[in-house]
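For reference, the structure is listed below as structure tokens.
The values are calculated or read from the model by the stated rules, or taken from the named source; none is laboratory data. It should be emphasised that the depicted structure is a prediction, and the values quoted were computed from it without experimental measurement. Glycine gets a Cβ as well: all are built from the backbone with ideal geometry, and neighbour counts include every protein chain shown. Note: areas computed on protein heavy atoms with side chains; ligands, DNA, RNA excluded. Shrake-Rupley method; radii C 1.70, N 1.55, O 1.52, S 1.80 Å.
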Amino acid sequence: MWEYMERRAQICGEYILQTGATVRACAEKFNISKSTVHKDITERLRDVDYALWLEVRKVLDKNLAERHIRGGDATRKKYQHCGSKNS
């Protein structure tokens, strides 16, 4: 694997672990695609730093379990904002 890919995977993993960020938030922070972050975290990081990968995996699993809640909150806020405009 290329050295810059290993560094990027490790940097993304540390960022997600420290902040609890989602893959999307990490991609925005480092200006790379979500697909790249996902591949870095799920595949490359495992080979580079297995202990870090295990910890990051816990954060990603937590984010996955909470995804439907965040989506519902976003929808609720969207329609509350629209409703207050029309009232």
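Give the Debye-formula value of log10 I(q)/I(0) at each listed q (0.26 Å⁻¹), with one equal scatterer per alpha carbon of segment 23-73, two decimals each.
-1.04
Quick one: which of 66-76, 38-48, 17-27 comes out on top by average Cβ neighbours within 10 Å, and what's the full order, highest first?
38-48, 17-27, 66-76
What are the ³J(HN,Hα) values, in whole Hz, obtained from phi via the Karplus relation 6.51 cos²θ - 1.76 cosθ + 1.60 with θ = phi - 60°, for each residue of segment 2-14 in sequence order, with x given for Gly and Pro?
Per residue, the Karplus-derived 3J(HN,Hα) values read 6, 4, 5, 5, 5, 4, 4, 4, 5, 5, 5, x, 5 Hz.
Show which lysines lie in cross-link reach of Lys58 when reach means a straight Cα distance below 20 angstrom and same-chain residues fewer than eight apart are skipped.
Lys34, Lys39
Give the lysines reachable from Lys77 as a straight Cα distance under 22 Å; neighbours fewer than 8 places away on the same chain don't count.
Those lysines meeting the cut-off are Lys85.
Could you give each residue of segment 17-27 its phi-based ³J(HN,Hα) in whole Hz, using Karplus coefficients 6.51, -1.76, 1.60 with θ = phi - 60°, and x for Gly or Pro?
Using θ = phi - 60°, the values come out as 5, 6, 9, x, 5, 7, 4, 5, 5, 5, 4 Hz.
Quick one: how many Å² of Glu14 are accessible to a 1.4 Å probe, rounded to 10?
Ignoring ligands and nucleic acids, Glu14 comes out at about 80 Å².
For segment 35-87 and segment 9-27, compute the distance between their C-alpha centroids and round to whole Å.
For segment 35-87 versus segment 9-27, the Cα centre distance is 10 Å.
Roughly what would the spin-label model give for Phe30 and Glu55, points 7 Å off Cα along C-beta, in nm?
Reported label-point gap for Phe30 and Glu55 is 1.6 nm.
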